[in-house]
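The values are calculated or read from the model by the stated rules, or taken from the named source; none is laboratory data. If you're wondering where the values come from, they're calculated on a predicted model, not measured in any experiment. Cβ placement follows ideal geometry from the backbone for every residue including glycine, while neighbour counts extend to all protein chains displayed.
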Amino acid sequence: MPAASVALRPRNNRRRRNKSASESPKAFDVFSGCGGLTLGLKRAGFRVVGAIEIDALAAETYRVNHADVALWNKDIRAVSASAVLRSLHLRQGELDLLAGCPPCQGFSRMKTLNGRRRMRDDRNDLVLDFLRFVRVLRPRAVMLENVPGLGRNRRARILTRALRSMGYTTTCAVLDAADYGVPQRRRRFILLAGQGGEISFASKARRAATVREAFATICHRRAKSDPLHNLPERRQPHVQEFIRLIPHNGGSRRELGTGRQLDCHLRCDGFADVYGRMAWDTVSPTITSGCCNPSKGRFLHPTRNRAITLREAALLQSFPVSYKFSIRRGKYPAAEMIGNALPPEFIRRHALQVHRFLTRKSPAR
């Protein structure tokens, strides 16, 4: 069997596990990506015991940041849920939480033209592989996150009906991460399911986090030594001059008038955020896989004449400044990994609700 298909067991896991860790609810992260979901679960008090991720670069990043978790770097369709239970020395029903975000490209608004077109993407059926794991593992709680389009898809109906038939009470909605402490607009479909009871969503934050607050965590000394913050930009001189002219703090290319815009922009009536600047004192737009390219959206720095850096994009996703991302394959694969990640703070807040459900504590205020 190839080495990439084998789950790596945590080093000295039994010897290092203290009493409080062994008492923490156990979670398994399916479609883990670079680890945003796992980080949010850990910060909510879960002990993440295993994860599955197909992409090698994301798995590399995951291992660097979560070396204590057993990781299957493999296509979930080739992973036996029963084998996972045996590898983790668990019996059916002993896992506290199964959580995951199946690949969402086939459900995205851009790909489906706001729901007007059906997408035949074989990754869409990975939602049903998530259900396969639920059937075998029978966790006490389930958390699934995805783009809003999944909520309108028949696979979501199949999933919720199956969960209810197994005794879970389901709660699902489309929520905006900006309402839960993430300095970014990001509407997501989230489903929570509890075995024998309802799990409510977290309360909204009292105020929104801002771009200014997120970027303030990069001190000058750290910025100079952070490779994620210092990858160079390469742009033609006329594009650099165009960026320089765009007004600071939320400015748009449309404010320049027709005489100063690029010809390609004049020929296109949509995508108004392209070559727009973020604003300091509000949330950012959705961080996508094109987050370091201003031709992909409103990804220019509020005042500096450049796109946001990969580190700044990760901060807007609510990753800590110390989180490591592999740039072995270059800037754009790393940007895709960051843009596809789950915001850890969004996950943390809802995972706290799951934790309280599992431990039967009073709900959060």
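Observations on the model:
- Filter pass, T160 being closer than 28 Å to Q92 by Cα, assigned by TED's automatic domain parsing to the domain that holds P102 and assigned to a helix (DSSP H, G or I): yes
- Residues of the range 56-78 satisfying the condition of being outside any strand (DSSP E or B), among the aliphatic types (A, V, I, L, M) and in contact with a Ser or Thr (Cβ under 9 Å, 6 or more places away or on another chain): L57, A58, A59, V64, V69, A78
- Subset of the range 130-168 (residues that are touching a residue at least 60 places away in the same chain (Cβ under 8 Å) and under 20 Å from the mean Cα position of the chain (by Cα)): F130, A141, M143, E145
- Index of the failed condition, R221 passing every other in (1) out of contact with any Phe, Trp or Tyr (no Cβ under 9 Å at 6 or more places or on another chain); (2) touching a residue at least 24 places away in the same chain (Cβ under 8 Å); (3) outside the structural domain of L163 (by TED's automatic domain parsing): (2)
- Meets criteria (of a type in the set (A, V, I, L, M), in contact with a helix residue (DSSP H, G or I) (Cβ under 8 Å, 6 or more places away or on another chain) and over 30 Å from T169 (Cβ atoms)) for L316: yes
- Of all residues in the range 217-248, those that are under 24 Å from T61 (Cα atoms) and either out of contact with any strand residue (DSSP E or B) (no Cβ under 8 Å at 6 or more places or on another chain) or assigned to a helix (DSSP H, G or I) (or both) total 15.
- Criterion violated by Q353 - all others in (1) of a type outside the set (D, E, K, R); (2) closer than 24 Å to A44 by Cβ; (3) in a loop (DSSP other than H, G, I, E, B) satisfied: (3)
- Residue check, S284 crowded, with 17+ Cβ neighbours inside 10 Å and under 17 Å from L228 (Cα atoms): no
- Restricting attention to the range 275-302, the residues that are at pLDDT below 95 and of a type in the set (K, R) add up to 1.
Residue-by-condition table, conditions (1) over 28 Å from R155 (Cα atoms); (2) at pLDDT below 95; (3) surrounded by fewer than 19 Cβ atoms within 10 Å (Cβ to Cβ):
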| position | (1), (2), (3) |
| --- | --- |
| R11 | yes, yes, yes |
| A27 | no, no, no |
| C34 | no, no, no |
| K42 | yes, no, no |
| T61 | yes, no, no |
| A67 | yes, no, yes |
| H89 | yes, no, yes |
| G100 | no, no, no |
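- Selection status of I52, surrounded by 23 or more Cβ atoms within 10 Å (Cβ to Cβ), touching a helix residue (DSSP H, G or I) at 6+ places or on another chain (Cβ under 7 Å) and at pLDDT 95 or above: yes
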